[in-house]
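Single-structure report; data block below.
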C-alpha cells in the first residue's frame, strides 16, 4: 500500500460456479499466508453469489468509499468465466478509477499479434514472438520494507467470514504437500533450481521423480510471478552454462502458460466451447458410471487411476499423467472434455481457467495447436516409458504393489497364478478395465472422422488491454 492512500484488494469469489473444495482451501491458506499484509490494510472482498454485484452491489459500494482516490484491485483471486478484464470494465462503469499492472504474464495479450494482426493460435510462432521481448522485461524488484495503510480504510472482511475451510477436515494430504504463500513459493523455486532444474528435460515427464517445479499453484495465486521464474533460470545458466538446455525447457513451459492466458483473453468463449467449431457436432457419450470411475481412480487402467488418486489426496497431478488421464476420458470413454475440466477445476490446487481450458482442449483435439485427433495416449506404453520401475504405480495403488513390473500396469493380462501370488482379485481388489482400449480407440477415431473437414476460423473477441482502459 503506497503512501498516497492506495489500497490493494483481494477478491474472493463465492458465487455459484466458483472454485470447488481444493481451490477454496488453497485460497484460505493463501490468505492466511498474507495475514501480515492484511493487517497492514489489505482489503478482502467477497463477490457474493451474483455477477450483478459487480455493478450495483456490495463490491462496488465497498469501493465507493474511495471514489475520489485511485483504486488498484489485484487480479490474484479473480476468476471471471469469460475474461478477468470484465471486472475492470464493470468497476469503471460504476465510476471507480481503476488501474491494473501486469505481473502475472510476460506480455500483455494486446502486445502479441501475428503478421495479419490476429491472435496467435499456434504455440511455436507465438513463443518465438514472446521470446523476442524477454530481454526487454524489467527485472523483478524486492518487496517494499513497509506498506503504510491509507487514513480511512473501506470496510473489509475477516478470513473466517469467508467459510473457505471444509467443515470436515479431509484436507490432511493437501496440507502436507504444499506450503502456501510467498515464502513457500520462493523456497520452492530455490529448491527446484538447486536440485531439479538440471534434469528438467527428463524429469518433467517422469511422475516417479521429483522433476517438476511444482510452482503452478504459486503462479496462479500470485505468490510468485513468471518474471521471477525467468530471472532464476537465467541466473542459473549464467553461473552454470551446462544448465542452459534444461533451463530453456523450463522457460518454454512458462511460455505454454503464457499462451493459455493469451488464448483465453482473445477467445473467452473457449472456457465452455471448443475453439475448433467442428467439435460442436462431435457425438460425446453420456455415461455417469464411466465418469465416476474415472473421478474415483477406478477405471482399471493403473496409470490413470494412480493419477486420479494422487489428485484427490494432494490436489495435484503430474502433467504427463494429466494428459494420459484426459486422453482416456475424452477419447476412450468419449466423455465431454468439459466434464473433465470441471473435475480438475474442483480438485486441483493449481486449477487455472486458462491452463485448464488449453490443456483439456489440447488433449481432446478441439483447441489451439491441439494434439491430432488420432493421437490417443496408450496408458500401458506411457507407463513403460515414464514410470520404468513402476514406483509411481506402487505408491498410489498399494493393492497392486506386489505384482511384477511386467504386469502391474496391465493386470488384466496377468495369469491367475501371478494375480494370486500378488494377492490381487480383479473385479474385487482392483477393477477390470471399464472399456477395451483397442476397441474404444477405434470407436473414438470413427467419431472424430465423422467431423473431419476444414476448421472454420474462430473469431477473437475484441477486448482492449486493461492498461489502455485507464
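The values are calculated or read from the model by the stated rules, or taken from the named source; none is laboratory data. Everything numeric here is computed off the predicted structure, so don't read it as measured data. Backbone-built Cβ (ideal geometry, glycine too); neighbour counts: all protein chains shown.
Quick check on residue 168: is it assigned to a loop (DSSP other than H, G, I, E, B), in contact with a helix residue (DSSP H, G or I) (Cβ under 9 Å, 6 or more places away or on another chain) and either under 20 Å from residue 311 (Cα atoms) or modelled with pLDDT of 75 or more (or both)?
Working: assigned to a loop (DSSP other than H, G, I, E, B): yes; in contact with a helix residue (DSSP H, G or I) (Cβ under 9 Å, 6 or more places away or on another chain): no; either under 20 Å from residue 311 (Cα atoms) or modelled with pLDDT of 75 or more (or both): yes.
Here the answer is no, as residue 168 does not meet what is asked.
Of all residues in region 218-246 being closer than 29 Å to residue 383 by Cα and in contact with a helix residue (DSSP H, G or I) (Cβ under 6 Å, 6 or more places away or on another chain), which is surrounded by the most Cβ atoms within 10 Å (Cβ to Cβ)?
Here the answer is 218.
If we only count helices (runs of 4 or more DSSP H) wholly inside region 177-251, which ones have 3 or more residues that are over 19 Å from the mean Cα position of the chain (by Cα) and closer than 16 Å to residue 318 by Cα? Write out each step before concluding.
Values: elements: 182-195, 200-203, 216-220, 226-239.
Result: 200-203.
From the list 312, 294, exactly one residue is in a helix (DSSP H, G or I), touching a helix residue (DSSP H, G or I) at 6+ places or on another chain (Cβ under 6 Å) and either assigned by TED's automatic domain parsing to the domain that holds residue 445 or more than 17 Å from residue 177 (Cα to Cα) (or both). Which is it?
Numbers: 312 fails: touching a helix residue (DSSP H, G or I) at 6+ places or on another chain (Cβ under 6 Å).
Step by step, each of 312, 294 is checked, and only 294 is in a helix (DSSP H, G or I), touching a helix residue (DSSP H, G or I) at 6+ places or on another chain (Cβ under 6 Å) and either assigned by TED's automatic domain parsing to the domain that holds residue 445 or more than 17 Å from residue 177 (Cα to Cα) (or both).
Quick check: anything in region 260-267 over 19 Å from residue 123 (Cβ atoms) and either free of Cβ contacts under 8 Å to residues at least 60 places away in the same chain or buried (at least 22 other Cβ atoms within 10 Å of the Cβ) (or both)?
Of region 260-267, the ones over 19 Å from residue 123 (Cβ atoms) are none.
No - not one qualifying residue is present in region 260-267.
Within region 437-454, is even one residue under 22 Å from residue 308 (Cβ atoms) and outside any helix (DSSP H, G or I)?
no
If we only count helices (runs of 4 or more DSSP H) wholly inside region 322-436, which ones have 2 or more residues that are in contact (Cβ under 8 Å) with a residue 40 or more places away in the chain?
Working: elements: 337-347, 353-364, 379-386, 391-396, 405-408, 416-421.
Output list reads 337-347, 353-364, 379-386, 391-396.
Can we say residue 343 is modelled with pLDDT of 90 or more, over 24 Å from residue 124 (Cα atoms) and touching a helix residue (DSSP H, G or I) at 6+ places or on another chain (Cβ under 7 Å)?
When the stated conditions are applied, residue 343 passes them.
Residues checked against (1) in a strand (DSSP E or B); (2) in contact (Cβ under 8 Å) with a residue 60 or more places away in the chain; (3) over 30 Å from residue 366 (Cα atoms); (4) touching a strand residue (DSSP E or B) at 6+ places or on another chain (Cβ under 9 Å):
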residue	(1), (2), (3), (4)
100	no, yes, yes, yes
106	no, yes, no, no
130	no, yes, no, no
139	no, yes, yes, no
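Restricting the search to region 185-217, which residues are touching a helix residue (DSSP H, G or I) at 6+ places or on another chain (Cβ under 7 Å), more than 25 Å from residue 396 (Cα to Cα) and surrounded by fewer than 19 Cβ atoms within 10 Å (Cβ to Cβ)?
Once the filter is applied, which keeps residues that are touching a helix residue (DSSP H, G or I) at 6+ places or on another chain (Cβ under 7 Å), more than 25 Å from residue 396 (Cα to Cα) and surrounded by fewer than 19 Cβ atoms within 10 Å (Cβ to Cβ), region 185-217 yields only 198.
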